[in-house]
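The values are calculated or read from the model by the stated rules, or taken from the named source; none is laboratory data. Note that the structure is a prediction, hence the values are computed from the model and not measured. Cβ: placed from backbone, ideal geometry, glycine included. Neighbour counts: every protein chain shown. Protein only, heavy atoms only, side chains kept; ligands, DNA and RNA dropped before computing areas. Shrake-Rupley method; radii C 1.70, N 1.55, O 1.52, S 1.80 Å.
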Amino acid sequence: MALCGGLSVLPLGVVAWLMIDVNEDTVATANQELQLAVAEDVARSVDDTFRLAQDELETVGRVLLDESLPEDATVSLATSLVAGQERIDHVAVYSAEGALIDVVRHAGHPSPPSPETLDAGLRTRATAQGIASGEALIADEADHAPRVPLVVPLRVGETLTGFAATWLSLRPVEERVARLTEVRFENRNDSLFVVDERHRLVAHPDGTRVASLEDMRATGPLEGIEPGAITGRFSQSGEYSYEGESMVGTVVGMQTRPWAVVVQLPTSVVYASIYEMRKIVLSTVGLVIFFVIVLGVWASRQVTKPIAALSAFAADLADRKFDRRMTLNTLDEFAVLGDVMSGAAADLQESEERIREEVAIRSDLGRYLPAELVDKVVKREQDMGLGGSRREITVLFADVVGFTPLTDQLEAERVVALLNELFTILTEIVFRHGGTVDKFVGDCVMAIWGAPTEQEDHAALALAAAEDMMRWLEAGNDAWEEKFGVRIQLAIGINSGDAIVGNVGSDVRMEFTAIGDTVNVAARLEAIARPGQILLTKATAERAGEDFDLAELGGRQLAGRDQPILLWELMT
């Protein structure tokens, strides 16, 4: 019932959500159009300001060049013209070389001081283009509004006689930006501002920020836009992060100069209606689904009881509680399923006991046989017949030197305890280096590499194990001297070559071992090795590689052999 109710509500929710998405696109488009309209309005205002200022400056310049008027009348008329202009409040007259000649000012209007020399770059551009403007600057500390130098050439005929310049105030632009911010954007901070070609603030409702020509290059709307890259055709809109808040903004370039107008609003404001609609839809759908679920749970509770019981029983089985059983008296398919699961639990319990028994057998066999053989025996993959196969192996014998005097010093129980600790360490080292412990003979350990699993680097593995045995013996002796009052020394012999590896013994008792001359030679090397010495044959030295420090000892005559055998010592 809950599912049917949910399925009936779901299409309504999807339709409502799709309608919200459509409305969101409409809102986004309307906001972008509004931002573009405001930005273009401000851009036109700036362009008009500069164009009208240029006209006014040229008008004053023509009066100053009118040779038909007396000099006093020329100055008086130029002063009257400046007083009557809306955009410019002073005109500085410079010679063709850029030297300041005079300044025509509006008598009741303060104006910034004019530099004694006109910038050469401005003069060059004005001469070539008929007008030139420079970068915005704060010309008067008392007036925070930036000013932009505007220069026109003065010519008589074709002859350049000088320049007329004014430092145009951007206060009208700043007032326009403040008015639009109040009317269009409810005085939201940073919703509308103008930056120059260096991305400095030149118009903003906050005059203190304009007074410092604040650098806006690192801000969200201008991030990634190189200074000077904005032209009259530049327009860019999108979403970004600004001072930790998600914003939707537009950047529009101006026609007459590389400045830009930035319009931006928080996404929370732009999409406020969308967020409210989503909240209403989600709340409504959530409430409907909640009541449908409550009703469905109430109606289906009795039906789900058997399922809950089966689920709990399945959880018990997952926790390996195979001794649990269950019986359902529902007289339906659930009862059949309960009986089947109880039968499965009984089978799993029996299987678990067999696995535990097999693990115990593996652990016990591992005390007598190599791990590889144990695995093959348990899986019935090992040939249990007597006999073996020829393998190339490396054999290591490690014997306790002076064991007989040792037994005279200690009680038999302490000797056995000492040997058990020693053999435990030696066995762990053999296993760590991939070897197999063949047997323990009194105080001697026999280990082989290359069988029952073939190993190409069997000689290197055996030498590495021998090095570890000697190193571990140093640490072990400190503990044994404190515990038993004795120190142990090992003599080790190693040989590589062919041997017969397989099952040796009888049909009722056998062991996996290696037999052959290779084994005999390794045992004889251990017998002649000095305490702490590791002896090996040429065959082992050649197969071990160059990673070991070997010292050649020359030939030695071994018991039972006609020819001497070349021996090496592994230096540790």
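One Cα centroid belongs to the stretch 78-124, the other to the stretch 390-412; the line between them spans 112 Å.
Which residues does a label at VAL486 reach in the stretch 394-414, if reach means a backbone N under 16 Å from a point 7 Å past the Cα toward the Cβ? What the label zone holds, given the 16 Å backbone N cut-off, is 399-414. When a 1.4 Å probe is rolled over the protein heavy atoms, the share of accessible surface on the stretch 147-239 that falls to carbon and sulfur comes to 43 percent.
For the stretch 139-241, the solvent-accessible area with a 1.4 angstrom probe is 47 square angstrom per residue. When ASP468, ASP55 are compared by accessible surface with a 1.4 Å probe, the order from highest to lowest is ASP55, ASP468.
With an a/c value of 1.5 or above and a/b larger than b/c for the gyration tensor axes a ≥ b ≥ c computed over the alpha-carbon atoms, the stretch 105-222 is described as prolate.
Calculated accessible area for the stretch 489-558 comes out at 48 Å² per residue, all protein chains present (probe 1.4 Å; ligands, DNA, RNA ignored).
Here the stretch 188-246 has an Rg and Dmax of 11.6, 30 Å, counting Cα atoms alone. The heavy atoms of GLU214 present about 60 square angstrom of accessible area, all protein chains included, probe 1.4 Å. Length, then width, then depth: along the principal axes, the Cα atoms of the stretch 467-571 run 45, 43, 28 Å. Given a 1.4 Å probe and the protein chains as shown, GLU454 ends up with an accessible area of around 140 Å².
To the nearest 10 square angstrom, what accessible area does TYR240 show with a 1.4 Å probe? About 40 Å², rounded to the nearest 10. With the Cα gyration tensor of the stretch 200-297 giving a ≥ b ≥ c as the square roots of its eigenvalues, does the rule (a/c under 1.5 for rounded; else a/b larger than b/c for prolate; else oblate) give rounded, prolate or oblate? Since a/c reaches 1.5 and a/b is larger than b/c, the shape of the stretch 200-297 is classed as prolate.
Based on the Stokes-Einstein relation at 4 °C and a viscosity of 1.567 mPa s, and on the Kirkwood radius from alpha carbon pairs, the stretch 145-189 is assigned a translational diffusion coefficient of 98 µm²/s.
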